[in-house]
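Please treat every number below as a calculation from the coordinates, not as lab data. Fair warning: this is a prediction, and the values are worked out from it, not measured in the lab. Note: ideal-geometry Cβ built from the backbone for every residue, glycine included; neighbour counts use all protein chains shown.
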Amino acid sequence: MDNIREEIRQYILSQFLPGERSTNLQDDTPLLTSGIVDSLGMLRMIGFIEQRFGIEVDAHDATVDNFERIQEIAAFIESKRATRK
């Protein structure tokens, strides 16, 4: 799961926080409620996740509970991958 977290972190840094260092974005940093990622950004991030990790994010999965923090995004991806097998 560490690789997933790092890939998500790098995506967020490159798309939403250009110029920031990876040490400034922790696994538990709020992304949505802090305004780092807005609703359009979340849609872009979901597209990246679907393409990169080969999963489908249903509308009912696109919640703050699943996408508020890197650690929650990684757990969501792992869960979707596990149910796919």
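Quick one: if you stick a label point 7 Å off each Cα along the C-beta vector at Asp58 and Arg84, how many nm between them?
1.6
Which angle from 0 to 90°, rounded to the nearest 10, does the C-alpha axis of helix 39-53 make with the longest principal axis of the chain?
Taking Cα atoms only, the helix is inclined about 60 degrees.
Taking 30 Å as R0, compute the FRET efficiency from the Cβ-Cβ separation of Asn3 and Ser39 and round it to 0.05.
Once the sixth-power term is evaluated, E becomes 0.65.
Which of the listed residues, Phe16, Ser79, Leu31, is farthest toward the dipole's positive end in region 2-84, when Lys, Arg count +1 and Asp, Glu count -1 at the beta-carbon?
Phe16
Quick one: plug the Kirkwood hydrodynamic radius of the chain (C-alpha pairs) into Stokes-Einstein at 10 °C, 1.306 mPa s, and report D in µm²/s.
Answer, rounded: 124 µm²/s.
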